[in-house]
């Protein structure tokens, strides 16, 4: 297939020279290429995924039998705290940011993110906060207050060690990464879309990342405040949460869940965005109800800020207020219902091809259906009084946050990894991996609903025999290993493909969106000539795809000349008319240095060493000043 | 394929049946609130089964339709399909659920004039229990009269806990600085398992209690019995144990009414001999276990405030055990 966005060989060579990062270690630390950063995000996040998964399996060994002594209570508490914290903060959010980083500029026909250096900065902050959190294991004082870190348990005097400080500080630290990443996505999506890609033609995945980012900007400050006030109480003796000093215990819970529930949707919405890309391609039919789906995503973003108290139904909040939150929690299922029927309608009208990516999408549908139904159940206020903090809830949120996020992500791996690495994964191994994961997942998590009904509370490190929990727990443990094995098969598939996989063509799935209009993997500049879009599914509707040529286009940034000058076109927010030219900065160490500076501040707080903190702030401030100073020069 | 599906279906049903029949299950309710909630659950379960079967049926039809022999282009109207399946039907189902939710909620946890007040305090990691009207103090065990509404007044002076007796009622959190009340009526005589449902630290797993629901007459007898201070030790060994209990650190932390032991750190032990467990569910209450517990409680329940008493001789431990087990 001809790639219309390409140029002749000589020009390509010149572009290569202009764009390629320095080889080796310098290039590793100073790259600002959204694709390198995106892939790095994904790899790093998956390292955390397998670490947190391994932690979960050890916990399952402890719970396989009653009164078992595989883990001490202290270690068990540290493990479930680290499992949850890692999965939410270090796997789920960053892996979505990673896919977004890689895919969004390609999907909207741009040459990079709006702020490439900020992009590098947000990656370095993420990885440094992860290292900071995991160093707690190294010194043997991992956080042990649960991923939600409720006060007063996590406050002095009940947790006086450094354990909780690792949690509180890492949460604030990684929040910086999420926030600057979100800002970057919003500006990129509004200003860098290819000419003709009006909001109305934007791929649903891009919509989902826009919603993800807008939600993150409004939600993350709440958890930053929750954790900061906790650290102020712990490190500086304030009384925000100390009852004796006039503080409030429920204040923490409100702040935490004001972020915590939108966060669930922050994690989940991009996963549905991925599904909305995969299903049409493998159904050979454009997405049914595009407007419905885009509207549903935006609706979820708004409604999700009005449901947080459903995590606090048993805290003694007055019944009238609880009924309001119960009702909103029921309403939020409607946008999900809309998306669901859009997906079914798409498959119905098309002819489904059972490729691995599609199997994961179908598996997602069946899992999310159940997780969504139990979600309606826990919105029923009195029923929630029974099942909250029991294994029923553990089952529910693993159906939505593991099943309905990890399955789309694995689907995304099979779908987009060939684009990223230029190698096809094995379909055969992929299908084995899918079925192993699907069976393992359901057998591991379905019985947890019943354990909850039988009165098994969450977060217990052991239990007595004779409560009717033994057999089910053993089944859960065995199946969780099967699930883990299934996930490892995909890891193996990836490693295998790098050596033995077939080369990926530019568009192996005959897909509809712009990331498939360039080589696999794409060149550093993505598109020498920027595509000009006239439909929602440009690669299906435009044969051949129209690209910007010198002459008729108002901006040279659209053409190969622009690529040679390392620029990209800026377009109008709504209707994507060419508007201006934006320079792409050269590689720089400044984002890395600035992240190190911020890290210094947090390490200083953690070890209570003012000097380290001051040096960190100094280094960070200098880096930022230099960074801003040089921008004009970089832009010529 | 069909056989596999039937097997899965049978398996799931078997699991559900185990779930319902078992002793500690929320769908085997023995209290007013648990009963209402079980009622709403069965409605929700019916609707959920209907939705799951219909929607997964649609999914399976949708993914196989194009592969059927003679499949033609589908005339499905996307907009109508989404309107009906994604909006109208869900709104109808959710409306039913919302009405049920509001109705049920309004009928639960309401104060009633003849309720029995009980103060329950969440500790690290056990439950203090006090009956303000009769002055009875006990721990990790509640006695309730069947048929009479109760108001369980929940307080904590440490971290957040949650009070949960699955067969009697839903949870209510026990929050420092914010007393909460859980109100329900126990319906059926029996002993029910209770536990802490909010993560509260190292021994969250061992913060269990029992709720003994009695006929009003039996409950009256229990109240009368508890209001009499324990009699003099019944045997020489128990008498020796009482002396050691007073002389050693025991009395500094535990209260035994009618004696000089009046410590407030640990549970009141006035009726210890009649309790089913030691250490809020850490061990079954018998002589052998109690000796083990006194000798080295932290080994059994790491983190407990109860120190180990390895320094005591075997004879002394046996004497204390005899004394405590005699307190009924």
When you look at residue A:317, is it at the interface with chain B (Cβ under 8 Å from one of its Cβ atoms), in a loop (DSSP other than H, G, I, E, B) and surrounded by fewer than 22 Cβ atoms within 10 Å (Cβ to Cβ), yes or no?
-> no
Selection from the range A:553-592 of residues in a strand (DSSP E or B) and either more than 20 Å from residue A:198 (Cβ to Cβ) or modelled with pLDDT under 90 (or both) yields A:567, A:581, A:583
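Go through A:516, A:509, A:496 for me and flag whichever is outside any loop (DSSP other than H, G, I, E, B), surrounded by fewer than 23 Cβ atoms within 10 Å (Cβ to Cβ) and away from chain B (no Cβ under 12 Å).
Checking each option against the conditions leaves just A:496.
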(1) at positive phi; (2) surrounded by 14 or more Cβ atoms within 10 Å (Cβ to Cβ): which one isn't true of residue A:24, the others all being true?
-> (2)
Go through A:485, A:489, A:545 for me and flag whichever is in contact (Cβ under 8 Å) with a residue 40 or more places away in the chain and over 30 Å from residue A:70 (Cα atoms).
-> A:545
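Which one of these is surrounded by 24 or more Cβ atoms within 10 Å (Cβ to Cβ) and in contact with a strand residue (DSSP E or B) (Cβ under 7 Å, 6 or more places away or on another chain): B:175, B:193?
Numbers: B:193 fails: surrounded by 24 or more Cβ atoms within 10 Å (Cβ to Cβ).
Matching residue, one of B:175, B:193: B:175.
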Considering the range A:520-535 alone, what residues qualify as being crowded, with 20+ Cβ neighbours inside 10 Å and over 21 Å from residue A:504 (Cα atoms)?
-> A:529, A:530, A:531, A:532, A:533
Those residues of the range A:119-141 which are under 14 Å from residue A:596 (Cα atoms) and touching a residue at least 60 places away in the same chain (Cβ under 8 Å) amount to A:120, A:121, A:122, A:123, A:124, A:125, A:126, A:127, A:128, A:129, A:130, A:132
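Looking at A:429, A:425, A:401, A:417, which is the one that is assigned to a helix (DSSP H, G or I) and buried (at least 23 other Cβ atoms within 10 Å of the Cβ)?
A:417
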Can residue A:44 be described as in contact with a helix residue (DSSP H, G or I) (Cβ under 8 Å, 6 or more places away or on another chain), crowded, with 23+ Cβ neighbours inside 10 Å and outside any loop (DSSP other than H, G, I, E, B)?
-> no
1 or more residues facing another protein chain (nearest Cβ under 7 Å) and under 30 Å from residue B:187 (Cα atoms): qualifying helices (runs of 4 or more DSSP H) within the range B:24-132 | B:32-65, B:89-107
Check on residue A:603, part of a helix (DSSP H, G or I) and over 27 Å from the mean Cα position of the chain (by Cα) = no
Going through the range A:380-418 one residue at a time, which ones are more than 19 Å from the chain's Cα centre (by Cα), touching a residue at least 60 places away in the same chain (Cβ under 8 Å), closer than 20 Å to residue A:331 by Cα and more than 8 Å from every other protein chain (Cβ to nearest Cβ)?
-> A:393
Say whether the condition of being touching a helix residue (DSSP H, G or I) at 6+ places or on another chain (Cβ under 9 Å) and either away from chain B (no Cβ under 13 Å) or at pLDDT below 95 (or both) is met by at least one residue in the range A:460-468.
-> yes
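Each row is one residue, and each column tells you yes or no for (1) over 30 Å from residue B:305 (Cα atoms); (2) surrounded by 12 or more Cβ atoms within 10 Å (Cβ to Cβ).
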position	(1), (2)
B:92	yes, no
B:95	yes, no
B:104	yes, yes
B:109	yes, yes
B:117	no, yes
B:122	no, yes
B:129	no, yes
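Tell me yes or no: at least one residue of the range B:172-179 is in contact with a helix residue (DSSP H, G or I) (Cβ under 6 Å, 6 or more places away or on another chain), within 8 Å of another protein chain (Cβ to nearest Cβ) and under 18 Å from residue A:382 (Cα atoms).
So far as the range B:172-179 goes, no, none of its residues is in contact with a helix residue (DSSP H, G or I) (Cβ under 6 Å, 6 or more places away or on another chain), within 8 Å of another protein chain (Cβ to nearest Cβ) and under 18 Å from residue A:382 (Cα atoms).
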Scan of the range A:444-475 for residues that are surrounded by fewer than 18 Cβ atoms within 10 Å (Cβ to Cβ), part of a helix (DSSP H, G or I) and in contact (Cβ under 8 Å) with a residue 40 or more places away in the chain, ordered by number | A:470, A:474
Look through B:241, B:273 and report the one residue that is touching a residue at least 40 places away in the same chain (Cβ under 8 Å), under 24 Å from the mean Cα position of the chain (by Cα) and part of a helix (DSSP H, G or I).
-> B:273
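Yes or no, residue by residue, for (1) surrounded by fewer than 21 Cβ atoms within 10 Å (Cβ to Cβ); (2) more than 30 Å from residue B:199 (Cα to Cα):
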site	(1), (2)
A:334	yes, yes
A:365	no, yes
A:368	no, no
A:373	yes, no
A:384	no, no
Would you be able to say whether some residue in the range A:124-134 is in contact with a helix residue (DSSP H, G or I) (Cβ under 7 Å, 6 or more places away or on another chain) and within 30 Å of residue A:528 (Cβ to Cβ)?
-> yes
In the range A:341-368, how many are within 7 Å of another protein chain (Cβ to nearest Cβ) and over 21 Å from the mean Cα position of the chain (by Cα)?
-> 11
Taking the range B:205-238 and keeping only residues that are in contact with a helix residue (DSSP H, G or I) (Cβ under 8 Å, 6 or more places away or on another chain), touching a residue at least 12 places away in the same chain (Cβ under 8 Å) and part of a helix (DSSP H, G or I), one is left with B:237, B:238
What residue, of B:236, B:271, is exposed (fewer than 15 other Cβ atoms within 10 Å of the Cβ), at pLDDT below 95 and over 22 Å from residue B:157 (Cα atoms)?
-> B:236
Determine whether residue B:6 is at pLDDT below 95, within 38 Å of the chain's Cα centre (by Cα) and farther than 19 Å from residue A:469 by Cβ.
-> yes
Has the range B:252-261 got any residue that is within 14 Å of chain A (Cβ to nearest Cβ), under 30 Å from residue B:146 (Cα atoms), in contact (Cβ under 8 Å) with a residue 24 or more places away in the chain and out of contact with any strand residue (DSSP E or B) (no Cβ under 7 Å at 6 or more places or on another chain)?
-> no
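The values are calculated or read from the model by the stated rules, or taken from the named source; none is laboratory data. Keep in mind that what you see is a predicted model, and the values were worked out from it rather than measured. Note that we place each Cβ from the backbone using ideal geometry, even for glycine, and neighbour counts take in every protein chain shown.
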